[in-house]
Every structure is written in C-alpha cells, then in structure tokens.
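Remarks on the structure that follows.
The values are calculated or read from the model by the stated rules, or taken from the named source; none is laboratory data. Predicted model only: the values in this text are computed from it and were never measured. Here the Cβ is made from the backbone with ideal geometry for all residues, glycine too, and neighbour counts use every protein chain on show.
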C-alpha cells in the first residue's frame, strides 16, 4: 500500500510538473497573443502598411493558426491529463477510505485486545488470590499435621515410657519373687538340715535305749 501511495505521489508530481509546463506554454501563448493584439492595433493604425505586408501577415497568420492548433492539441492533452489526475484522485480517495476503514477495524481489534487483556489480568489476579488461599490452607494443614504427628509421637513416647515403667515394675517383681524363692529355698534347706539333725538325734536316742 505504501508503494502504491508512493507511485501515486510520483505520478501526481509528474502531472504537476507537466501542468506547470503547460501553464508556461499557455503563458507564452498569452504573451504572444497580447503581442498579437498589439500588432493588430498597429495593423489597424497602419492599414496601409498592412496592405503592403499582406503576404507577410498571411504567412504569420498561417503560423498563428499552426500555433492555435498546437494550443488546441495541448489543451486536449491537458484535459486528458486533468481527467487522469481526477481519476487518480478518485482512486486515491478510495484507497484513503479503505485505509480509514482498515484503521477503524484495527482500532476495534485493539480495543478487543485491551478488553481481553483486562479479562486476562483479572483471571491472573483471581488465580493469584486462589494460589494465596491454597498456600494458606496448605500451611494450616501442614501446621495441623505437624501438631498431630507431634502429638502422636509424644503419645508413642509416653506409651513407650509406660511400657518401660511396666517392664521395670515386672522386673522388680520378678526380682522380689526370685529373692523370696531364694529365701524359701534357704529356709527349706535349713528345715531339711534341722530335720536331718532331729532324725540323727532320734536315732541316737533310740540307740541309747
């Protein structure tokens, strides 16, 4: 599109230069025509001299006709150039209208993108808020789990201590039982010894009788 606009601008500049050249030619023709009028006035004043120079005037008139024909041809060419300029201007207006329509569509797209971006930002903010809430819940859950695990571990340690205390009490009880058994065994042995002694004494007494 920029290349097309550049071509159109170049063509407009060429047409403008051509038009200036035609205007210069027209100006020269107008100057010549003015000079011709002056000459006509001189001819009117010097009609007698004009009659003498009729042949020269006829030749000049032929040249003037030739110039007029050239002017007419140049005018036709100028009209053609003007028509081309008008057509190019219409095409340029059409292109400009198309550019304006495209620009409006682009603005609408930009507005839509901005709205979408705002919605996306809102979604991101919502996600961030949800993530913060989830992190807070995870932290709370971690703290709760940590407390529960700590309580369970402490309960296990307490139960282990209870078991250790129970085993210690059992050990003490067994130790006391063993001591009692030892004491009973010693007493039984002592009683056996005493019984043996009594039996010996009885046998001795029987023997003495």
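At-a-glance table
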quantity	calculated
Test result for residue 117, surrounded by 10 or more Cβ atoms within 10 Å (Cβ to Cβ), assigned to a helix (DSSP H, G or I) and within 17 Å of the chain's Cα centre (by Cα)	yes
Check on residue 126, over 30 Å from residue 12 (Cβ atoms) and either surrounded by fewer than 10 Cβ atoms within 10 Å (Cβ to Cβ) or without any contact (Cβ under 8 Å) to a residue 12 or more places away in the chain (or both)	yes
Residue in the stretch 86-104 that is in contact with a helix residue (DSSP H, G or I) (Cβ under 8 Å, 6 or more places away or on another chain) and within 30 Å of residue 27 (Cβ to Cβ) present	yes
Residue satisfying condition, being more than 24 Å from residue 6 (Cα to Cα), surrounded by 10 or more Cβ atoms within 10 Å (Cβ to Cβ) and modelled with pLDDT of 85 or more, within set 37, 107, 93	107
